[in-house]
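Undergrad: Below are the structure tokens for one structure; questions will follow.
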Amino acid sequence: MNKSFASDNHAGIHPALLEAMIDVNQGHCPSYGQDPWSHKLKKLLKQEFGAVDSFLVFNGTAANVLSLQACLKSFESVLCTDVSHLNVDECGAPEKIVGSKLVSVPSQNGKFNLDELESIIFRNGDQHFSQVRALSLTQPTEYGTLYTPDEIKRLRVFCDQHQLYLHMDGARLSNAVAALGCGWKEILKGIDILSFGGAKNGFLLGELVIVFKEGLEKDLKFYRKQSLQLPSKTRFLAAPFLKYFENNLWYEIASHENSMAKRLYEGLKASPQVQMTQPCQVNSVFCILPKEIIKPLKKKFFFYVWNENSFEVRLMTSFDTSKEDVDSFLEELNNLLK
């Protein structure tokens, strides 16, 4: 099969992360997070991220749902953008499991507009109205755009003004940190709770719920168990994360993905028949292709049509995307455009 540009989920397991799982596949050790690797991971996240506590789960939907469950009661709601994964791609899981309402806010390039946020009517104390209690931002956004630390600071000020928790959906947070050239603590300053991605970054499975605000961790271990998200053999999830953070492997993976997307972006931008629709800041490229070439191009390099009306497509790069893969895609595209 040719490489897919549809999603970084389509890639396999990064060899170093697979090796980490093989390395711990020896002998017996305690389960349910009591193994040495899980303990070491918690310690690392406290030191490097400033975490209060952290919890391993199987997938990103669970990480988002459990993060909100730690913040919200059933009569409370969370602000999220109209294009956020929470709003579009969680199959209603936050509303079903947490019982809380999602309040969709119009976005600009996938990001919150503070003016839009300020126009929201909160009706605090009104028993007829779901009480807004949290704001969830996606970093990077569904359009691959980035919030700067200053923009997150402004969102934090907004949250403080309205007594809201601030959640970050960080399924591809590593790509954002690599692109912004900042540190973990800098980009996470002001965040109360984080969903940190694994699968999109070269893992087999495994995500993290990372808590920064004291008190939110209190009941998370119970919510995790009730939500069927407590892994038994946690060493197989913890060990790859330790390897990921060791010797800045995370940065190597994210920087490579970002650079391959930039190469793809520049190649597409050079064609007058291709319309770029978003800036390329991480490992995603958005553009409008001529309708007639989409189907034959997808036969050789699979990708998703993001907007069926405008024929805007999304192209994603992965840890194993090579220059040759990008150049082959561009060559095929240019042949079809002739």
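Undergrad: Just give me the residues in region 91-122 being among the charged types (D, E, K, R) and either at pLDDT below 90 or within 27 Å of Tyr223 (Cβ to Cβ) (or both), in sequence order.
TA: Residues of region 91-122 among the charged types (D, E, K, R): 95-96, 101, 111, 115-116, 118.
Within region 91-122, Glu95, Lys96, Lys101, Asp115, Glu116, Glu118 meet the criteria.
Undergrad: For region 229-248, indicate whether the set of residues that are assigned to a loop (DSSP other than H, G, I, E, B), at pLDDT 95 or above, under 20 Å from the mean Cα position of the chain (by Cα) and surrounded by fewer than 22 Cβ atoms within 10 Å (Cβ to Cβ) is non-empty.
TA: yes
Undergrad: May I pose another question? Give me the residue from region 227-264 that is touching a residue at least 24 places away in the same chain (Cβ under 8 Å) and charged (D, E, K, R) and, out of that set, nearest to His14 (Cα to Cα). Break it down into steps so the answer makes sense when it comes.
TA: Quick first cut of region 227-264, residues touching a residue at least 24 places away in the same chain (Cβ under 8 Å) only: 227, 229-245, 249-251, 253-258, 260-261, 263-264.
Retained after the next criterion (residues that are charged (D, E, K, R)): 233, 235, 243, 257, 263.
Working: Lys233: 20, Arg235: 17, Lys243: 11, Glu257: 13, Arg263: 21 Å.
That would be Lys243.
Undergrad: Oh, and also: Return a yes/no flag: does region 205-214 have any residue that is touching a helix residue (DSSP H, G or I) at 6+ places or on another chain (Cβ under 9 Å), modelled with pLDDT of 95 or more, farther than 15 Å from Met168 by Cα and not in a loop (DSSP other than H, G, I, E, B).
TA: No, the conditions are met nowhere in region 205-214.
Undergrad: Any residue in region 6-24 that is not assigned by TED's automatic domain parsing to the domain that holds Asn59 and surrounded by fewer than 16 Cβ atoms within 10 Å (Cβ to Cβ) sitting within a Cβ distance under 7 Å of a residue that is assigned to a helix (DSSP H, G or I) and basic (Lys, Arg)? List the pairs, counting only those 6 or more apart or interchain.
TA: Listed by first residue and then by second, the contacts come to Asn9/Lys200.
Undergrad: Within region 171-198, how many residues turn out to be in contact with a Lys or Arg (Cβ under 7 Å, 6 or more places away or on another chain) and over 15 Å from Ile152 (Cβ atoms)?
TA: 3
Undergrad: What do you reckon, is Val83 β-branched (Val, Ile, Thr), at pLDDT 95 or above and under 17 Å from Ser195 (Cβ atoms)?
TA: yes
Undergrad: Go through Ser195, Ser255, Ser227 for me and flag whichever is within 19 Å of Gly50 (Cα to Cα) and hydroxyl-bearing (Ser, Thr, Tyr). Don't jump to the end; show me each part of the working.
TA: On the way: Ser255 fails: within 19 Å of Gly50 (Cα to Cα); Ser227 fails: within 19 Å of Gly50 (Cα to Cα).
Step by step, each of Ser195, Ser255, Ser227 is checked, and only Ser195 is within 19 Å of Gly50 (Cα to Cα) and hydroxyl-bearing (Ser, Thr, Tyr).
Undergrad: If you don't mind, another one. Of the conditions (1) assigned to a helix (DSSP H, G or I); (2) touching a strand residue (DSSP E or B) at 6+ places or on another chain (Cβ under 9 Å); (3) crowded, with 19+ Cβ neighbours inside 10 Å, Asn258 satisfies every one except a single condition; which number is it?
TA: (2)
Undergrad: Same structure, new question: Looking only at residues in region 149-185 that are touching a residue at least 60 places away in the same chain (Cβ under 8 Å) and outside any helix (DSSP H, G or I), which one is surrounded by the fewest Cβ atoms within 10 Å (Cβ to Cβ)? Full working, then the answer.
TA: Of region 149-185, the ones touching a residue at least 60 places away in the same chain (Cβ under 8 Å) are 164-165, 167, 169, 171-172, 174-179, 184-185.
From what's left, outside any helix (DSSP H, G or I): 164-165, 167, 169, 171-172.
On the way: Leu164: 23, Tyr165: 21, His167: 29, Asp169: 26, Ala171: 25, Arg172: 24.
Checked region 149-185; the qualifying residue surrounded by the fewest Cβ atoms within 10 Å (Cβ to Cβ) is Tyr165.
The values are calculated or read from the model by the stated rules, or taken from the named source; none is laboratory data. Here the structure is a predicted model, which is why all the values come from computation and not from measurement. Please note: Cβ atoms are built from the backbone with ideal geometry, for glycine as well, and neighbour counts cover all protein chains shown.
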